[in-house]
Amino acid sequence: TDERKVRAALRHHKVQVVLHAAAYKHVPLVQRNALAGLHNNVEGTHTLATQSILAGVERFVLISSDKAVRPVNVMGASKRLCELVLQAIATRLNQSQQPVFSIVRFGNVLGSSGSVLPLFQDQVRRGGPVTVTHPDVSRYFMTAQEAVHLVLQAGTLARGGETFVLEMGEPVNIETLARQV
């Protein structure tokens, strides 16, 4: 969110491609710290996008979330706002300007920081209990390799302002996953 530091880093390293994954994504923490989550996620995206234009970055991919589709919590809403900010900036650029902005949306990456699977595994290691927020919740999961492939594909195929979504198969019921762990 610090304009000067972002500008300096982009220029010093002559960045050509930005894969913007920096965000607070832990749903309960963002719920309890809504203003900090909104500031970090939305203002951070705006800062990075505008500084990327000024630094001559060629491509910019925002890593979003399936939770941005119809947000039911602050984290999902913050990611949706990030998408809207990026789309608004992209529509203001003429086609000769850079960067080419795109958005990629996907579900939970298995084993990633903040993902429910390591949380469940840690709870089991400590002897339980394994906590489930609501038994009817379901989530889409993908491997880290699938996530990387989608991000690189989105960055390559983008022409400006698109949102790419991976076909993630069937959602997994969280209670069922917790029992399996």
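As an exercise, use a Förster radius of 45 Å and the Cβ-Cβ distance of ALA8 and LEU119 to find the FRET efficiency, rounded to the nearest 0.05.
The calculated FRET efficiency here is 0.80.
Starting from the residue with the highest accessible area, list ARG11, ARG159 in decreasing order, probe 1.4 Å.
Solvent-accessible surface, decreasing: ARG159, ARG11.
For LYS67, which aspartates and glutamates qualify as cross-link partners when the Cα separation must be under 13 Å and same-chain residues fewer than eight apart are set aside?
GLU83
Could you give the length gained on full extension between ALA22 and GLN180, defined as 0.36 nm per residue of separation minus the Cα-Cα distance, in nm?
53.8 nm
Sequence-distant or interchain residues sharing an amide H contact under 5 Å with GLU162, placed H: which?
Here ILE103 satisfy the definition.
For a quick size check, give me the Cα extents of the chain along its three principal axes, largest first, whole Å.
Cα extents, longest axis first: 55, 32, 29 Å.
So what is the diffusion coefficient of segment 1-99 in µm² per second by Stokes-Einstein at 4 °C and 1.567 mPa s, using a Kirkwood Rh over Cα pairs?
Reported coefficient: 94 µm²/s.
Out of all DSSP beta bridges in the chain, what portion is antiparallel? Express it as a percent rounded to 5.
Restricted to the chain, the bridges split so that about 10 percent are antiparallel.
Can you check what the Kirkwood hydrodynamic radius comes to for segment 118-164, Cα pairs only, in Å to one decimal?
After inverting the mean inverse Cα-Cα distance, the result is 13.9 Å.
Please list, in chain and number order, the residues 5+ apart from SER64 or on another chain whose amide H is under 5 Å from its amide H, with Hs placed from the backbone.
VAL104, ARG105, PHE106
Each residue of segment 78-83 in order: what ³J(HN,Hα) in whole Hz does its phi give by Karplus 6.51 cos²θ - 1.76 cosθ + 1.60, θ = phi - 60°, with x for Gly and Pro?
Result, rounded to whole Hz: 5, 5, 5, 4, 4, 4.
Leaving out same-chain residues fewer than 8 places away, which lysines sit with a Cα under 22 Å from that of LYS5?
The reachable lysines, counting only those whose Cα sits under 22 Å from LYS5, are LYS14.
Carbon-plus-sulfur fraction of the accessible area of segment 85-153, 1.4 Å probe, in percent?
Of all accessible area on segment 85-153, carbon and sulfur atoms account for 52 percent.
Taking the 0 to 90 degree range and rounding to the nearest ten, how far is the long axis of helix 144-157 tilted relative to the main principal axis of the chain, both from C-alpha atoms?
30
Would you pull out the residues with amide H under 5 Å of TYR140's amide H, same chain only if 5 or more places away, H placed 1.01 Å from N?
Amide H neighbours of TYR140, under 5 Å, 5+ apart: ASN108, VAL172.
Compute, for MET75, the solvent-accessible surface of its heavy atoms (probe 1.4 Å) with the complete set of protein chains present, and express it in square angstrom to the nearest 10.
Taking all protein chains as shown, MET75 has close to 10 Å².
The values are calculated or read from the model by the stated rules, or taken from the named source; none is laboratory data. Predicted model only: the values in this text are computed from it and were never measured. All Cβ positions, glycine included, derive from the backbone under ideal geometry; neighbour counts span all protein chains shown. Protein only, heavy atoms only, side chains kept; ligands, DNA and RNA dropped before computing areas. Shrake-Rupley method; radii C 1.70, N 1.55, O 1.52, S 1.80 Å.
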